[in-house]
Each structure stands twice: as C-alpha cells, then as structure tokens.
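Written below as structure tokens is the structure these notes are about.
We did not get these values from a lab; they are worked out from the coordinates using the rules stated. What you see is a predicted model; the values in this text were computed from it and never measured. For neighbour counting, all protein chains shown are included, and Cβ atoms are generated from backbone atoms with ideal geometry for every residue, glycine included.
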Amino acid sequence: MNLHTVILYGCAAAVVLPGVQIVQAEAGGRRVSPIELLRALWRRPVPWVAVALVTLMAAMAVAQTAAPSVMDHLQREPGAPWWRSVTALLVQTSGWVQLTFNLAALVAITPVAQRRLGPVWMPLVFLASGVTAQAVSMAGWSPIGGGDSVALCGLLGALAVTQTLRPSPLPARLLPLLIPAAGLTLCALNNNHGAGILAGCALGTLLAVRGLGSAAAREAA
C-alpha cells in the first residue's frame, strides 16, 4: 500500500466518520439498530424530495443492471458532450460495490439533508456538487466513469458547514471540519470527490450565512 492510497483511505475516514455522526443525530445521537435509524431518518413529515431522489437512483440501478449498455450512453468519457457531466451522476460504473454503497448512502443522507437544507436546496446542492465534480473529471482528473458519490459528498460538505456554524456543543461542531479538510486534500490529489465536497461546503456556507442573517434580523425586529 503506497502513500497515495493511505491518504485516500484517511480522507475517506475523515468524511465517513463525521457523516455517520450527522446521520445519527437524527436519532438523538444514540447508537441504534439500522431499523430504528431508518425510522428516525424517514419519520413524518415524509421528506418527499428525498423519496423522489432515492426512487430515481434506484430505478437507474435497476436499468443499468438490466441493460449495462445504458452506462455507455450516460457516463463521462473523453470527447463526450457537456451534458454527460449531469447524466454521469445517474450511473454507477464501478460495479456492485459502488452501486450498493452509493444507494445505501443516498438513503441515509438525503432525508437528513432535506430537513437541514430544505426541500429546494437539498437537490440543488446535490446537483451542483455532482456536476462540478463530474466537470472537473471530464476536464482531466478522471475522464471515464460515473457515479453519484461525488454529489453525496457535496451534501455532506454542506451539512458539515451548516452544523459547524450553527450554535451547538463544541465537539459536535469540530468533528465535521474534517470533511472540508478531506475535500482540500482530495483536490490536491486531483480526486473528483474533493471537488464535490468543496462545492457543497461553499453552498453550505451560503445557506448558513443566510440563516444566521435571517436569525439576526428576527432578533433585531
């Protein structure tokens, strides 16, 4: 295992561990069974935008499994038109491990993101972060492939920033800072997940500042 691989694993841990903390917060921060966690994540009111996104990606997973040639028409590749930076989010080109992990992460992250970012901003952050990452990939970082993990990283980046900037116990605000740090490191390695994370962090900062400004205005009124 070389140094590059070690750094990649370290960055993955720096994203996953705070991400797990953010998701578990929906269950009061307690360690619960997967079934109990799912109930907490998908409690009423139902996050319908998250439902729609999960349904879309599940349908695409079925489609690419039934007809693998679908990936050839949607993935990013050298010389592909610009819109492949969007459609590449719909296919998981690295096999069953990627498909299963990304779908499970989508189920866990999107309801949290919808509640914290809102039903409009959640899909916008997902799309903007994902397209940014796919675009830099097509520009040379990773010309061939596809997957929505880069967009999920964007959602985690936005959630990390909003959690860090909102009033909460200090430990809960510090651990999420590992996510943007991982994003910077991954960008230095020309890894497209870093671009997704930083795009999400930028949008999360905008949302957090808007939220803080609105709260200050309400207090002053």
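Helix-only mean residue ellipticity at 222 nm, the chain, DSSP H runs n ≥ 4 weighted -39,500 (n - 2.57), per residue, nearest 500. What is it? So the calculated ellipticity at 222 nm is -23500 deg cm²/dmol. Using only the alpha-carbon atoms, how far is helix 192-220 inclined from the longest principal axis of the chain? Give it as 0 to 90 degrees, nearest 10. So the helix axis and the longest Cα principal axis differ by about 20 degrees.
Of Val32, Val91, Val107, which is the most mobile in a GNM of the chain whose springs link Cα atoms less than 10 angstrom apart? Comparing Val32, Val91, Val107 in the GNM, the peak value goes to Val32.
Approximating the spin labels as points 7 Å out from Cα along Cα→Cβ, the Val209-to-Val70 distance works out to 4.0 nm. Along the axis of the charge dipole computed for the chain (Cβ charges of +1 for Lys and Arg, -1 for Asp and Glu, origin at the Cα centre), the listed residues Val54, Ala160, Val16 are led at the positive end by Ala160. Given springs between every Cα pair under 10 Å in a Gaussian network model of the chain, which of Val112, Val16, Val70 has the largest fluctuation? Its mean-square fluctuation being the largest, the pick is Val70. I want the local charge near Gln64. Using Cβ-Cβ distances under 13 Å, sum +1 for each Lys or Arg and -1 for each Asp or Glu among the other residues. Net charge in that neighbourhood comes out at -2.
Using equal-weight Cα scatterers in the Debye expression, the normalised intensity of the chain in log10 at q = 0.10, 0.12, 0.15 Å⁻¹ is -0.44, -0.63, -0.99. Each Cα pair under 8 Å and six or more residues apart adds its separation to the average, and for the chain the resulting relative contact order is 22 percent. Rounded to the nearest 20 debye, the dipole magnitude of the range 3-220 is 660 debye, with +1 charges on Lys and Arg beta carbons, -1 on Asp and Glu beta carbons, and the Cα centre as origin.
Over all distinct Cα-Cα pairs of the range 7-62, the Kirkwood formula returns a hydrodynamic radius of 13.2 Å. Note on the range 1-122: percent of Cα-Cα distances in each 5 Å bin, starting at 0 and stopping at the bin with the largest distance, equals 2, 10, 15, 17, 18, 16, 13, 6, 2, 0.
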